There are 4 protein chains.
Amino acid sequence: MDFALNPELAALEKRVREFVADRIIPMESDPRRTAHGPDEGLRADLVGLAREAGLLNPQVSPEFGGMGLSHLGKAVVLEASGYSMLGPIAMNCAAPDEGNMHLLEVVASDAQKARWLRPMTEGRTRSCFCMTEPHPGAGSDPALLKTTAVKRGDRFVVTGRKWLITGADGAAFAIIMARTLVDGEDLGATMFLCDLPAKGFRISESIDSMDSSFAGGHAVVELEGLEIPETDVLGEIGQGFRYAQVRLVPARLTHCMRWLGAAQRAHDIATRYAKEREAFGQKLIGHEGVGFMLADNEIDLHLTRLGVRHCAWLLDQGARGSAESSMIKVHASEACFRVADRAVQILGGMGVTRKTEVERIFRDIRAFRIYDGPSEVHRWSIARRLGKPGA
Amino acid sequence: MDFALNPELAALEKRVREFVADRIIPMESDPRRTAHGPDEGLRADLVGLAREAGLLNPQVSPEFGGMGLSHLGKAVVLEASGYSMLGPIAMNCAAPDEGNMHLLEVVASDAQKARWLRPMTEGRTRSCFCMTEPHPGAGSDPALLKTTAVKRGDRFVVTGRKWLITGADGAAFAIIMARTLVDGEDLGATMFLCDLPAKGFRISESIDSMDSSFAGGHAVVELEGLEIPETDVLGEIGQGFRYAQVRLVPARLTHCMRWLGAAQRAHDIATRYAKEREAFGQKLIGHEGVGFMLADNEIDLHLTRLGVRHCAWLLDQGARGSAESSMIKVHASEACFRVADRAVQILGGMGVTRKTEVERIFRDIRAFRIYDGPSEVHRWSIARRLGKPGA
Amino acid sequence: MDFALNPELAALEKRVREFVADRIIPMESDPRRTAHGPDEGLRADLVGLAREAGLLNPQVSPEFGGMGLSHLGKAVVLEASGYSMLGPIAMNCAAPDEGNMHLLEVVASDAQKARWLRPMTEGRTRSCFCMTEPHPGAGSDPALLKTTAVKRGDRFVVTGRKWLITGADGAAFAIIMARTLVDGEDLGATMFLCDLPAKGFRISESIDSMDSSFAGGHAVVELEGLEIPETDVLGEIGQGFRYAQVRLVPARLTHCMRWLGAAQRAHDIATRYAKEREAFGQKLIGHEGVGFMLADNEIDLHLTRLGVRHCAWLLDQGARGSAESSMIKVHASEACFRVADRAVQILGGMGVTRKTEVERIFRDIRAFRIYDGPSEVHRWSIARRLGKPGA
Amino acid sequence: MDFALNPELAALEKRVREFVADRIIPMESDPRRTAHGPDEGLRADLVGLAREAGLLNPQVSPEFGGMGLSHLGKAVVLEASGYSMLGPIAMNCAAPDEGNMHLLEVVASDAQKARWLRPMTEGRTRSCFCMTEPHPGAGSDPALLKTTAVKRGDRFVVTGRKWLITGADGAAFAIIMARTLVDGEDLGATMFLCDLPAKGFRISESIDSMDSSFAGGHAVVELEGLEIPETDVLGEIGQGFRYAQVRLVPARLTHCMRWLGAAQRAHDIATRYAKEREAFGQKLIGHEGVGFMLADNEIDLHLTRLGVRHCAWLLDQGARGSAESSMIKVHASEACFRVADRAVQILGGMGVTRKTEVERIFRDIRAFRIYDGPSEVHRWSIARRLGKPGA
């Protein structure tokens, strides 16, 4: 075992940290941060900064202009990018694009890559991933998928309703999951690629939500007679759930990486405040009640970091990492939330205002305990694995 | 001991519940709810509804048009009003007005009551309470009070900065706490009454904050050469901290009452959802993972209710209730937050959107763990009491 | 609502507290406290002290020499008795006898009462309740009951294995639950009374366990051809589960009462220690880390007390109290355990030794989270109730 | 970074696991396990088994017959040994001997090593470490050290009282910490070596305690006129606290290693039980309430393992590891306790009996949250470090 980062990676981490500190954090007071995330102008400016710094696309292969980092490399770099919630957007490694790029790299045809992946990796476009459906459709339980794609000649006609579709507003294209019906036969779930805007793809609502850091916010999408040519099927028909798995574990882990960076930020802000602010005769940090919270933060952050890096390393070894990524998803989301919650508490009245990033981090991390599988679903999947004969 | 409500109070509770369900909850989708609370138009409409229903001012004495409820009566009625976060605003028993009315009833002169209390109890005006100051002034530790009121002839000239002043924007008057200097001598803290707008009282910022249910939001107030005639001193000079105590314990307790109602609401929404929504082969509530959370909610709500009513009863017996109100402030804020947090989690993706009131309740209750004394300050005050010789 | 104790009850509480402080606590260093509870000699001495003080049988009707207390009265008196773990044994209101006496008072015939109840209420005998079975028999799920009672002429022949039978060793009689077979037909569960020792009733093991305060400890009982005349059926054939319910809710609640007293004791010991012991420059209680734990103890104890008394009052009004007793069983066992755990922690090295009662209280309370329904089973029953249509 | 164990270490881990499973676990039912730990006969038998298997002294240098493992090597092997609470005793790597051997290797003279270390590494003797004192002496705060060693000619006369001295009963020698007075001058704390039994070293009490797995239990030791020749000073006069540091961090970490193994054992027992035992219509593990607890155990164990190994690796790099070892001490003790607590709960009635090792592990791990620094002291030390300027 060796817990040391190799020097190249350590140097890259340092560069990203400095970039975020020097170029991105000053942008946090930009008024173009809206309740539905940074607007397109701000996003373009942020991407420009990262491009200038040579820090775009840590997770993309060099062929497509990325750094070609291993999972472990991403663990280090994406955490550093997440130290500002604008960092991953700048570096083009935010959700859902980051997962979509990974999916396209693995599954798409060359023509599809040229058409959809290339402009994304150049930071010119955004995308969305249309899987989640409102009740009684596919939520935590994907088996409930209701959207259908019915074959008509050389095209599919897609009908259904999606919601909580992050980034749909302003996306250049969508990846859409639908139950595929060909000649009356259900061939299972398929993924489709679709340029936007498109006839039959309508954003009926921009959802007000607790979090506010995803570019484009979250939308309700109505799919009504949306026509998609069969050439725009992503990979093969009926393989949608399999591809979802391809996207799932790494995307889950990159969430952990970014949020770890954000939680570290909240902790650092609270620590600085506790070292400056005085009450009841001494600095806040001199009060055990505050000091213990900061100590628990340190512990939570330290162990989350170890767990995230371990799981990334596992994936680098070719493991599927389903169990480990479930464990770290639960731990990271719960621990990072605790960190953010303690940071709010330490800041006191300041903590519930937008005068520091902590308030925003707190709200955004709350959602992280739910998306990509609520803690409860992951606990259950860990338990089921344990329950198998021979486990 | 007798845990039964008397029939009049039970009947009143029922009326309030029905009023909130029938008249107030439908108003929750009103677009005039802003990030800084309901606007004045909405507030006026809400107050109108309560006036029509004969449900204004549960906490005010009959002399001033209120119901003259005991603390226990308030515990029952304010909880019921809090079932919608708009309920207390409608019934004119929301913070900070509710506490200010109580303070004025106890301390103000008849002339002051006629001038400031009467219009408030008629629902025509709002007020604010200017105590909290930014670092390095008075926060959790009021001894750090920095604002000064210097005697000049028959008036005081007030200088300082206040922040997190709830309801300042739109208030008809302010109660201002300042360190009083007369002929160079520090006479301690005094409370002043001041009509708004006033020269020398400037709202320099409307603070963006996690919560969004207080009318008027939270402001930063600059006090620069604000002149207040000596007739507008509230009570006596140098008695500010003593009057703050008069306001403190009951106001702390009414917060618990209202938030208990809001937490109950979040729980009821989550329960209803869990009984309808299906995943992994059965209704959510059929999953132990969800059912246990709901059971813990029931326990938290039940015990909070007992604790709040017990403390209210104590005050009715003439007790100061400092220890008990600290205990119940900690318990209620932490327990109600847990309830709201579990409700968010049960709702899943829905829980982080504004599609139900739960998202708002969650954000607002987070702040409740901080204002009126963070849990840590109350724990400390409980411990100090225990530590006294003979305790 | 009225939270005041009536003066008679308050006076009785005071008497019990003084009795426990003056007469029982000094007995705690008696070497006759074994790993399987106080031995018979110690028990007799303790009962003698309570008899002398006129404090036997708070829960028994005056007809049988008891105080005839209401449930609320018991809540007050049993808590006070539990301040020493020897107190309930002295006052003849410890488990399982207390529940068995209640059951006999409600269900037994006059002849049975004379034969079995009377000597118990005189403090001369102990009893046991034989329901729980080892895997795969009846544990948390009573429906798994395996022990059978087969009718042979005018007697029943009982066969089965029971375990965790508290107080079996030294008991004068047993109440035995068995599935009843008459002429090959299963008539459901029946309760039988059986003098001990008896042929066919064999204690095969005295179980080593974490707790050590129940007189007689916990035994494994082998029932092999045990013959019971049909006159010794308790109540009616086939009504066993119904009678179990008669015993269940009140017995569950008296556990909460006694353990609340014990937790209060642990807290008081820790508080006293924290006020005397110095470390890092001040008394322990002056450290927020310790003070916050003591404050949380105060809150846990206060709310548990309110919850227990409320539930007792409910039973006094004739309510079944199933939901409330489940809620308070979960809360009381979890909260009292937290209190004991914090007390251990505050005592430091001392806390894990038997130099104070805290170590014993901690171990004994751990078991309380499991018996009379583990917290999980109660949570589930609360959730199921919520899940019913119309709930 | 590389999370793979090297093949030699992985093979050694496997050997230790098999040894513990095949040879040590069967010894757990040996009646020579007393409330004060395994007796000397049992200890000798256990050591014999490890000697036979070539598995003695993983932590000792080859020069003294050990495996000469790195800290990381120890992390792997001591965890595996701890899978039975008898394992570390068998392999001669239990507390306090393991820490004492380390201390002697680093600090003792060759003559001292020959006299005291050699027989220990041969498994023939045990030792004890006499530092902790009862109130008002040195506990969590070592600065309160009260025991004195007064120079008289060529010897020191030691006077004081020590308590919670693990293994004193039956130890062949003691390491004693005392404040050193030479010619009336206080030269600071010194460590002394002392063969046992010795005149002036009296065990006045064998302390009854919650835990029961340390050989020799815990004693109160009276030091009354104990004479120690100056040649038996360990290292240099006045360097006692410095040497305590030498012992401290590694010993703290080996505790984490062993307890991690024990917690894993408790979890495995609970998992097996949950897969066999049925209630309410299915296997326990099929209930989410149980499955979630097992999932949380998996997470706690996984992250503790990563944290322990990371800290061990840090020490191998030459770091002092004070902060990291404090973090992992808090996390490991709290997490392992949670694991044991959940295992008890899952086992239900069985969990509080000595029918599985879980009951014992639960009791023993409770103490681990206190010794080698209570969680609170470590949190404080982490906070203090954070609070330093520049940190």
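Every number here is computed from the coordinates shown, using simple stated rules; none is lab data. All figures in this text were calculated on a predicted structure; none of them were measured in a lab. Virtual Cβ from ideal backbone geometry, glycine too; neighbours counted across all protein chains shown.
Points to keep in mind about this one:
- J(HN,Hα) series, the stretch C:234-246, from Karplus relation 6.51 cos²θ - 1.76 cosθ + 1.60, nearest Hz, glycine and proline x: 8, x, 10, 5, x, 9, x, 5, 5, 5, 4, 5, 4
- In chain D, Cα pairs under 8 Å separated by at least six residues give a relative contact order of 16 percent.
- Summing Lys and Arg as +1 and Asp and Glu as -1 over all other residues whose Cβ lies under 12 Å from the Cβ of C:Ser109 gives a net charge of -2.
- Peptide-level mean, for B:330-338, of C-beta atoms on other protein chains within 10 Å: 2
- Cross-link reach is defined here as a Cα-Cα straight distance under 29 Å, omitting same-chain residues fewer than 8 places apart; for A:Lys14 the lysines meeting it are A:Lys74, A:Lys275, A:Lys329, A:Lys355, D:Lys388.
- Angle of helix A:40-52 to the longest C-alpha principal axis of chain A, folded into 0 to 90 degrees and rounded to 10: 70°.
- Charged neighbours of D:Asn100, selected by a Cβ distance under 10 Å, balance to -1 (K, R count +1; D, E count -1).
- Shielding score for A:265-278, defined as the mean number of other chain Cβ atoms within 10 Å: 2
- Folded to 0 to 90 degrees: helix B:97-107 orientation relative to chain B principal axis, Cα: 40
- The base-10 log of I(q)/I(0) for the stretch C:127-238, evaluated at q = 0.10, 0.16 Å⁻¹, reads -0.26, -0.66 [Debye formula, identical scatterers on Cα atoms, solvent excluded].
- Projecting 7 Å from Cα along the Cα-to-Cβ direction, the label point of A:Thr159 sits 6.6, 7.5, 9.8 nm from its equivalents in the other copies, listed shortest first.
- Average projection area in nm² (convex hull over Cα atoms of the stretch C:254-391, one quarter of hull surface): 9.1
- Derived scalar couplings ³J(HN,Hα) [the stretch A:328-338; Karplus, 6.51 cos²θ - 1.76 cosθ + 1.60; whole Hz; x for Gly, Pro]: 6, 4, 4, 4, 5, 5, 6, 5, 5, 5, 4
- Values of log10 I(q)/I(0), in the order q = 0.05, 0.08 Å⁻¹, for the protein assembly as shown under a Debye, Cα-only, solvent-free model: -0.45, -1.18
- Looking at the stretch B:99-198, the trypsin sites (Lys or Arg not before Pro) that sit in a DSSP loop and have at most 16 other Cβ atoms within 10 Å of their own Cβ are B:Arg124, B:Lys146.
- Computed Rg/Rh of the stretch A:55-173, alpha carbon atoms with Kirkwood Rh: 1.02
- Computed over the alpha carbons of the stretch C:158-317, Rg followed by Dmax gives 22.8, 78 Å.
- Reference-scaled alpha-carbon Rg (2.2 N^0.38 Å with N residues) for the stretch D:7-94: 1.03
- Computed about the Cα centre, the dipole magnitude for the protein assembly as shown is approximately 0 debye when only Lys and Arg (+1) and Asp and Glu (-1) carry charge, each at its Cβ.
- Chain D: radius of gyration over Cα atoms, expressed as a fraction of 2.2 N^0.38 Å: 1.00
- Globularity ratio of the stretch B:158-199, using Cα Rg and 2.2 N^0.38 Å: 1.30
- Each label was represented as a point 7 Å from its Cα along the Cα-to-Cβ direction; for C:Arg32 and D:Ser204 these points are 2.9 nm apart.
- Reachable aspartates and glutamates from C:Lys283, criterion Cα separation under 18 angstrom, eight or more residues apart if same chain: A:Glu288, C:Asp268, D:Glu133, D:Asp141, D:Glu376
- Peptide B:369-377 has a mean of 5 when you count, residue by residue, the C-beta atoms of other protein chains within 10 Å of its C-beta.
- With a Förster radius of 56 Å applied to the C-beta separation of D:Lys283 and B:Arg118, the computed FRET efficiency comes to 0.20.
- Environment charge of D:Asp2, counting only residues whose C-beta is closer than 14 Å and scoring Lys/Arg +1, Asp/Glu -1: -1
- 3J(HN,Hα) from dihedral phi, the stretch D:22-37, Karplus parametrisation 6.51/-1.76/1.60, rounded to Hz, x for glycine, proline: 8, 10, 8, 4, x, 7, 5, 8, 5, x, 7, 7, 9, 5, 10, x
- Per residue, the average separation of C-alpha pairs within less than 8 Å and at least 6 apart gives the stretch C:241-387 a relative contact order of 30 percent.
- Think of the axis that spins chain D onto B; the D residue whose C-beta lies nearest it, and the distance in whole Å, is D:Glu288, 2.
- Sparse-neighbour loop sites [trypsin sites (Lys or Arg not before Pro); the stretch B:185-285; at most 13 other C-beta within 10 Å; DSSP]: B:Lys199
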